[in-house]
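All remarks here apply to the structure that follows.
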Amino acid sequence: MRVLCFSGLTSVLVGASPAETDPVPPPAAVSDGQIGASFQDRRLEFIDRYVARTEADNPEWGSLPFVAVNMAQGTNLDWARHRLRELTKAPTGAMFWMYPMVLVMKAGAPHLDADDWAVIREAWRTYFPYRGDTENHWVMYYASIYLAAETWPDLGPEGWYNGKSSAENRAEAKDYILDWIRITTTYGRGEYDSPNYIDPYVSALTLLTAWCQDPELQRQAEMMLEYELLDFAVENLGGIYGGAHSRIYPKHAMQPALGASTSLAWLLWGQGELQLNGSALIVALSGWSPPAILQRIATDRDDAYVHRELKRTRWRMRHAGPDAIDVEDHSTVPVYKYSYVTPDYLLGSSQGGLLQPIQQQSWSMIWHEAKPLGISNTFFALHPHYSAEEGTMYFGADADTVVDLIARSKVDYNSPDKLMSGSPYEQIFQDHGAVIGLYDIEPGTSFQHLNTFFSRDLQSVTEDESGWIFAIGGPTYIAYRPFVAGEWRPSDWTGLLAGGAGAWISSNHDEWGAGHKIYVSENPKNGYVAQIASAADFPSFAAFQAAVRALPLQFGLEPTPTVRFTTLDGTVMKATYGERPTVNGNALDYEHWPLFDGPFARAARGSNELLMRHDQESRHLDFKATQVTTRISPSSR
């Protein structure tokens, strides 16, 4: 047995029974009014923090969100007017310029004078923003142009960069947004559950919720904003977005609290720590208040629960594959998500495969931290994969250039030490606190190894003679069994990110990316089992290790990987690569996988509806009828 010490972590934590005390009565339920008042306090604090952060004595500093908040508050107006003009001389950023400019126009309207409006109007006439190539780009673009066109409702084609009248721009934008909402509530989101890309969706939907004058579009956007935040709330633990993600950057994979979602969690339901963030600022300035049920769902972790979701891949342009379905002349593949949420940890997964280009995280585990900033409270594994086939599946470039084009912006895409990736040679499945990965990598594939992330904040990382690797993450115990023994390497062993590649992608790398270890297993036929448990469920770390060693586990690699594992709760998980996994002898029923299914959310695929539930309260979103119904009834939990 070897005990590995990462970054000065040496002690073994032992679970202990709490001292016997008199029973403590449960806390009184927090009322809707109290939840709303606390949100308003945080909203004002957030705005004040933004204003205080403004460098009003520096005419070269400051982006449009800072202009917006100062215009809204009537502070630093000379600086704000100067920056507004500087940022409209030669605009860049396409939709990333459009939506904060709309925030300036709407939230800052009380302090915009005629000259300010003239500067803004000319920018919308002459600057031609790119519509983008991802789902979040299109939503931001159309929300922004809709609200801009409402600001000047009667302009003809000569008043706009694209040669369309205000009425034409509004009609096109409304049609796109309503269609996007319908597809999302029918088949699931394509760019799903991203801790960072929640930011543009919340931004666009909040702008429409607060300032759209069209009653139908405004109401649909507000309902969709609730839908988006519910999607986060059910996979939230202490303010961190857990589980499987369509898109995640290195810094958010290694230190989850850096994601935009964590800033939103502080503002919306008081978890984690205050961090400045653009989408949270838009919420704070909008005047919109979230329904109290969202906070109750996001913060109620008294009981562990299973939550399932149905999402989809991005539209596949080529190489759609045999599992593809057709959605209005677009090819996509369903994504089956499963999360186990406990007071101490959240383990969540998808079925694996090429579900998203570039930045996919097929599964992850996070453990609870009351103040997670600066802590890498996560554990995950992956096959680092890149290929021209993947690139051309989701992008319009040709096979000869697509990898290079991707790597120009996502610099670690073709790096062997990357920590986010989908793989066509991957199969994942999960039951409660156990997850299994199987891999059968074709000869000639660029990378033939698996990367497993061991955070610098794990304690007592132990390589056991049984082949299991044990560790402690906060209030959780982790057991990991690679099918093929590997070696330890530092994270970013190529030095790519530490060397500053990718600008923002690698910024402040030493703070979030240094000191971690990667367990690298080099074999094309491979796999692993991970078993997670709460430390409170065992008298000691040693007792947990003994229990895991005793679990029945059989696996083989030839002719293709196969595994049979009995989990700590007695569940038998069995799979062979390329075949449908079974749990206690029952094959996973992907055909009837719901859009949402858990104690807090229900939605059938194809329904265009969502039912939120918490104790006696339910909130039903009916997108077909553009109607929200709230009821109080006997608890069904």
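Nothing in this text is a laboratory measurement; each read-out follows from the coordinates by a stated rule. On a predicted model such as this, the values are computed, not experimentally measured, just so you know. Here the Cβ positions follow ideal geometry from the backbone for every residue, glycine too, while neighbour counts run over all protein chains shown.
Lysines near Lys106 by alpha-carbon distance under 23 Å, same-chain residues fewer than 8 away left out - which ones?
Result set, ordered by chain and number: Lys89, Lys164, Lys174.
Using alpha carbon centroids, what distance separates the range 187-202 and the range 446-463, in Å?
First find each Cα centre; the distance between them is then 28 Å.
What does the net charge come to around Ser263 if you take all other residues with beta carbon closer than 10 Å to its beta carbon, with K and R at +1 and D and E at -1? Could the numbers behind the result be given before it?
Values: positive: none; negative: Asp199, Glu273.
Overall, the nearby charge balance is -2.
What is the local net charge at Asn377, summed over the other residues whose Cβ is closer than 9 Å to its Cβ (Lys, Arg +1; Asp, Glu -1)?
Around Asn377, the charge tally is -2.
Based on the Cβ-Cβ distance of Arg308 and Glu465, what FRET efficiency does E = 1/(1 + (r/R0)^6) give at R0 = 51 Å, to the nearest 0.05? The partial results should precede the final answer.
Working: r = 37 Å, r/R0 = 0.73.
With a Förster radius of 51 Å, E is 0.85.
Using only alpha carbons, build the gyration tensor for the range 223-325 and give me the equivalent ellipsoid semi-axes, biggest first, whole Å. Intermediate results must be reported in sequence, preceding the final value.
On the way: eigenvalues 139, 57, 49 Å².
Semi-axis lengths for the range 223-325 are 26, 17, 16 Å.
If the reach is capped at under 17 angstrom between alpha carbons, list the aspartates and glutamates near Lys574, excluding any in the same chain fewer than eight residues apart.
Qualifying aspartates and glutamates at Cα under 17 Å: Glu426, Asp431, Asp440, Glu558, Asp589.
Return one number: the angle in degrees, 0 to 90 and rounded to the nearest 10, between the long axis of the Cα atoms of helix 166-187 and the longest principal axis of the Cα atoms of the chain.
20 degrees
For Leu225, what charge total do you get from the other residues with a beta carbon under 14 Å from its beta carbon, if Lys and Arg give +1 and Asp and Glu give -1? Numbers along the way, then the final one.
On the way: positive: Arg189, Arg219, Arg619; negative: Asp199, Glu222, Glu226, Glu228, Asp231.
Cβ neighbours under 14 Å give a net charge of -2.
For percent of Cα pairs over 47 Å apart, one of (i) 26; (ii) 15; (iii) 59 was computed from the structure I shared and the rest are decoys. Which label?
Correct label, based on the coordinates given: (ii).
Taking the chain as the reference, fit the longest principal axis to its C-alpha atoms, fit the long axis of helix 198-211 to the helix C-alpha atoms, and give the angle between the two in degrees, 0 to 90, nearest 10.
Helix 198-211 sits at roughly 30 degrees to that axis.
Once you sort the root eigenvalues of the Cα gyration tensor of the range 128-200 as a ≥ b ≥ c, which label holds: rounded (a/c under 1.5), prolate (a/b larger than b/c) or oblate (the other case)?
Taking the square roots of the gyration eigenvalues as a ≥ b ≥ c, the range 128-200 is prolate.
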